[in-house]
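Reading through the structure tokens given below for one structure.
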Amino acid sequence: MKKTSYALVVPALLLSVLVVSGCGAFRSKKDWQRAQQEAPLEIPPGLDTPSTSAALVVPDVGSGASGAAASQAAAPVSDGFILADDADAAYRRIGELLSVGDLGKVTSHDDATHTYQIAANRGKPEDRPGFFRRMFGGGKNADQDTRDAPASASGNTQSVVLNVTASGSGSEVRAQGDADGVRRVIDALKSRMGSK
């Protein structure tokens, strides 16, 4: 009986050693495993490295985003676009688009200088409730309806002056005022009028 137990134990032990060793005899060496570290790149003579002294400059205390926002809000911004229409036609088209009222309220206009004074709404003009909410959910929750109302209802407006002038064979539309209001008015007019 002892012979059979040794005859079974020895091969089982050898097989377990072979399995535990990970079959290193069957591994192949790849080129990337034999690769060695190359010398680092050197800058050719006549060239110099760029200065990195200002790469990680720490700003002074108080000059962060709040200071930048205050300076940006104080400075008026100007932006504009070009239309193929003459100045009179462009002024009339813009007046028709502004009369819809989703961008804000025209507080005054001067036909002689082609100028509009606009109290632009804060937020997007699309801040009204969606189709299904207007069709099926309107009037059920007064608090939600006031939150879903356009920004013009809340009285938050930004002052924007819109000026239309002749420019070559077309006309130039320029807006000046609060940065967000100018951006919103110009973007909306560009998309609706198909400007260049």
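The values are calculated or read from the model by the stated rules, or taken from the named source; none is laboratory data. All values derive from a computational prediction rather than experimental measurement. Glycine gets a Cβ as well: all are built from the backbone with ideal geometry, and neighbour counts include every protein chain shown. Heavy atoms of the whole protein, side chains included, go into the accessibility calculation; ligands, DNA and RNA do not. Shrake-Rupley method; radii C 1.70, N 1.55, O 1.52, S 1.80 Å.
Quick check on my filter: what residues within the stretch 154-175 are farther than 21 Å from GLY101 by Cβ and open to solvent by 40 Å² or more (accessible area, probe 1.4 Å)?
Start the filter on the stretch 154-175 by keeping residues that are farther than 21 Å from GLY101 by Cβ, which leaves 165-172, 174.
Residues satisfying the conditions are THR165, ALA166, SER167, GLY168, SER169, GLU172, ARG174.
Of everything in the stretch 24-57 that's charged (D, E, K, R) and either in a loop (DSSP other than H, G, I, E, B) or open to solvent by less than 90 Å² (accessible area, probe 1.4 Å) (or both), which residue is modelled with the lowest pLDDT? Can you show your working first?
Keep residues of the stretch 24-57 that are charged (D, E, K, R), which gives 27, 29-31, 34, 38, 42, 48.
If we keep only those that are either in a loop (DSSP other than H, G, I, E, B) or open to solvent by less than 90 Å² (accessible area, probe 1.4 Å) (or both) too, we end up with 27, 29-30, 38, 42, 48.
Values: ARG27: 66, LYS29: 72, LYS30: 77, GLU38: 85, GLU42: 81, ASP48: 73.
Out of the qualifying residues, it is ARG27.
I want to confirm something. Restricting to the stretch 176-186 and keeping residues that are of a type outside the set (A, V, I, L, M) and closer than 21 Å to ALA87 by Cβ, which single residue is surrounded by the most Cβ atoms within 10 Å (Cβ to Cβ)? Steps first, answer last, please.
Going residue by residue through the stretch 176-186, those that are of a type outside the set (A, V, I, L, M) are 176-178, 180-181, 183-184.
Cutting the leftovers down to closer than 21 Å to ALA87 by Cβ gives us 176-177.
Values: GLN176: 16, GLY177: 21.
The qualifying residue surrounded by the most Cβ atoms within 10 Å (Cβ to Cβ) is GLY177.
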Go through the stretch 93-142 residue by residue and tally those that are modelled with pLDDT of 85 or more, loosely packed, with under 14 Cβ neighbours inside 10 Å and over 32 Å from the mean Cα position of the chain (by Cα). 5
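May I ask you to list the residues in the stretch 181-196 that are of a type in the set (D, E, K, R) and without any contact (Cβ under 8 Å) to a residue 60 or more places away in the chain?
ASP187
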